[in-house]
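The values are calculated or read from the model by the stated rules, or taken from the named source; none is laboratory data. Not measured: the values here are computed from a predicted model. FYI the Cβ positions are ideal-geometry reconstructions off the backbone, even for glycines, and counts take in every protein chain you see.
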Amino acid sequence: MDVLVILAAIAAQGIRVGDARKQASEYFPICHRNDPDLNGCVKNVIEVIRPTLKKGVPELNLVPLEPLVIPRMEYEEGTGNFRFKQVMTNMKMLGLSNYVVRGVKVDLDALRLEVDLFTPTMQFEFDYEMEGKILLLPIQGSGDGIFNFTDIITVAHIDLKKVMRKGEEYLEADKIKWDIDVGNARTYFNNLFNGDKTLGKATNDFLNENWREAFKTYKHLPEQAFASSYFNICHKTEPEFTKCVLDTLQELKPKLIKGIPELDIVPIDPMHIPRMEINQAQGPLQFKSAYSNITVYGLGDTKIHSFSMDIENLILYTNASVPFMRFQCNYELEGKVLLLPVKGNGDAEFNFTDVFVSGAMKGKLEKRNGEDYLLVNDINFDTEMKNSHVQLNNLFNGDKVLGEATNKVFNENWREIFVTYKHIVEEAVGELSKNLANKVFIKFPFKELYPD
């Protein structure tokens, strides 16, 4: 449904849509920002475009709204009377295109948009796996299920932002808050408790008799369905497939900085790493060290210079740079530096300037529920940089003279030191890349991410 929100916002500004080659007016009426009834105009746009959204708009990368297909959703509920983990796949949502626009408020000065919608009925069909407790009673099962919602009221509060693309001004949805309520909700999970009909019926009856409390758990499903698209889908056969993927990664970066809760992706700037260990037994540095409570700053400024994918062998190649990275952490260190003993524990800071990263991620296809999913299982990155600086506090039990002298040796010989500490950067960037990729890949079958 956020498709409607974004298109309405674009119409309100009277500008073109993204990188589409056609004018926005070919898809929907254009609203002028000085229109005295701008709210009414945008409301009309959302109503008029409904048949178009129902079928989808390939030129704008909008999939059909009826039915809306969601490959995978998963969540965990850990409070109240409902405590369980659940995964739903092959979800089809029916009824989204029957919405009625109750009201629209446009505030171009504040860059805010509010859309109030009413949908008579919505039906979710899916396969599920579930395990947990309801009212302290165990519940588990796997099979097919249905959710039916009636009289759905959806209010979207959207903060917009202006962006420049190729010298022209566009609007993007920056933050979206959803208020959703329903008149009634019915659920049915088939094959609960390995097909035990008595327990299955009792559980479904309980959920439906207590649907308001159950809806507090499941209300995020329409919210996720209404949420904005996270990335563009690139077709393997398109001539500029590599450019499409690269553009998609660049557009995804602002979302990654803030995190994407729906995809279980935490913010990357700052990024938190619980613990790392580095043991060096050869060369001018010979020591054992451990680093904990690591906070990494600067990854949000990453620039991807190139990206390519070997579809046949499932290898992703990338080349990127980060202007500045700062690591703050606690450390424990004992060993020798240039044959001099060194020991300490406390807080530390590592600063790296103009970091260049190149490498590859190797993936494999994993079968889940009859679908192939791409998972990254091997990473090989190489890192170079123009400068680095380290500050280890409380060396030699706080001896300032020895501590300052040791830090000076580290920084005057930073190139030799970096050969050891570059593993910190490579591990941070590598694990970040692997985790981000797999968080996305696990949500969507391979054929959905890279269709022919």
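Looking only at region 126-158, which residues are on the phi > 0 side of the Ramachandran plot and exposed (fewer than 15 other Cβ atoms within 10 Å of the Cβ)? L135, L136, D151, listed by residue number. The set of residues in region 166-197 that are out of contact with any Gly (no Cβ under 7 Å at 6 or more places or on another chain), farther than 30 Å from K255 by Cα and in a loop (DSSP other than H, G, I, E, B) comprises G183, D196. Of the listed requirements (1) hydrophobic (A, V, I, L, M, F, W, C); (2) buried (at least 18 other Cβ atoms within 10 Å of the Cβ); (3) modelled with pLDDT of 75 or more; (4) closer than 25 Å to E251 by Cβ, V69 misses just one: (2). Just one residue in the set G183, G195, G141, G145 is under 27 Å from the mean Cα position of the chain (by Cα), farther than 30 Å from K258 by Cβ and in the same structural domain as I46 (by TED's automatic domain parsing); that residue is G145. Of the numbered criteria (1) modelled with pLDDT of 70 or more; (2) surrounded by 16 or more Cβ atoms within 10 Å (Cβ to Cβ); (3) within 30 Å of S97 (Cβ to Cβ); (4) not assigned by TED's automatic domain parsing to the domain that holds I152, the one L263 fails is (1). Just one of the numbered conditions (1) over 27 Å from G95 (Cα atoms); (2) assigned to a helix (DSSP H, G or I) is not true of V163: (2).
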